[in-house]
Amino acid sequence: MHFGVVTPNTEYGIRPEILAREAEARGFESIWVPEHTHIPVSRQSPFPLGGDLPEEYKHFMDPFVSLTAAAMTTDTIKLATGICLVIEHDPIVVAKAAATLDFLSNGRFIFGVGAGWNKEEMANHGTDFGKRWKIFYERMEAITQMWTQEQASYHGEHVDFDPIWIYPKPVQKPHPPVYFGALTKTGIRRVVRDFEGWLLVDPQDGSVEKATQEFHRACEELHRDRKSISVTIFSTSAITRELLDRYAAADVDRVVAWTPPDDELGSLKIIDSVSNLISEYS
């Protein structure tokens, strides 16, 4: 089992390059940063984890800039988006930013992606919520073309460009691993059908066990080797032996610990406590 750490990545919390350096020194395998480009003041979309939207969501910094800063102070820790909202970006810009990060980090980038939930946020980027999946898949296909083809082109309903040169290419071949965030049956089947990894948040309500059962069922039905998909879980509670035993029984490959949005010392205490378990469960 691998261990990662996720930072809310706010301008008032622990800096990403500091957290990455300290986590790497303690044996962590990866650092993850989320994305919301902004939060509309007027919003009808419900927060998917329930309750009020946490204040730190208004303060997320740019993931690619933050991970590049982390790359410059580390040597081995993987650098991951958790998640990048692909439908809110020009795919040409994302393809270049992600490939540049992979190049500068010597092949340490993990591209965690999703379609998002905030309808009003998407609208401000010109994205039609009802067409988000079509847009998402076209942009992902176009990004893959740009990563892997010397002269890339794409012609779709929402993405359309003639052959282009775009560099650098990613260090990882054929491209950085792409992980998809999902908890529903439909989303899990998307993971099994299309991606190298699965990202899920554990709300501590028993849904993880149900989701992993659905995941194994989908692998069988879609004839996909389970071991070809990396399973990463973001724990919303303290990391304990009991919790890790539960995740191990659910066939989880990587556990990611949350850090607070506004407390550098608290973040370091959390990774200290988890580091005591890394050798035992790795």
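The values are calculated or read from the model by the stated rules, or taken from the named source; none is laboratory data. Keep in mind the model is a prediction, meaning the values are calculated, not measured. Every residue, glycine among them, receives a Cβ derived from its backbone with ideal geometry; neighbour counts consider all protein chains shown.
Brief remarks on what is shown
- Tallying residues that are basic (K, R) and free of Cβ contacts under 8 Å to residues at least 40 places away in the same chain within the range 71-117 yields 1.
- Restricted to the range 23-132, the set of helices (runs of 4 or more DSSP H) holding at least 3 residues that are surrounded by 23 or more Cβ atoms within 10 Å (Cβ to Cβ) comprises 63-72, 91-104.
- Considering residues of the range 243-254 that are in contact (Cβ under 8 Å) with a residue 40 or more places away in the chain and surrounded by 14 or more Cβ atoms within 10 Å (Cβ to Cβ) only, the residue nearest to G112 (Cα to Cα): R254
- Taken together, the residues in the range 143-163 that are of a type outside the set (D, E), exposed (fewer than 14 other Cβ atoms within 10 Å of the Cβ) and in contact with a helix residue (DSSP H, G or I) (Cβ under 9 Å, 6 or more places away or on another chain) amount to 1.
- So F136, is it at pLDDT 95 or above, assigned to a helix (DSSP H, G or I) and not charged (D, E, K, R): yes
- If you filter the range 144-158 down to residues that are among the polar types (S, T, N, Q) and out of contact with any strand residue (DSSP E or B) (no Cβ under 7 Å at 6 or more places or on another chain), you find that the one that is farthest from P177 (Cα to Cα) is Q149.
- Scanning the range 225-242 for residues that are crowded, with 17+ Cβ neighbours inside 10 Å and either among the β-branched types (V, I, T) or modelled with pLDDT of 95 or more (or both) turns up I229, S230, V231, T232, I233, F234, I239.
- Which numbered condition Q204 fails, given (1) surrounded by fewer than 21 Cβ atoms within 10 Å (Cβ to Cβ); (2) at negative phi: (2)
- Residue within the range 197-210 that is modelled with pLDDT under 95 and among the polar types (S, T, N, Q) present: yes
- Screening the candidates A218, A257 for the property of being crowded, with 19+ Cβ neighbours inside 10 Å, modelled with pLDDT of 95 or more and within 21 Å of K78 (Cα to Cα) yields one hit, A257.
- Whether a residue is buried (at least 21 other Cβ atoms within 10 Å of the Cβ), out of contact with any Ser or Thr (no Cβ under 6 Å at 6 or more places or on another chain) and either at pLDDT 95 or above or in a strand (DSSP E or B) (or both) was assessed, and V171 does not pass this test.
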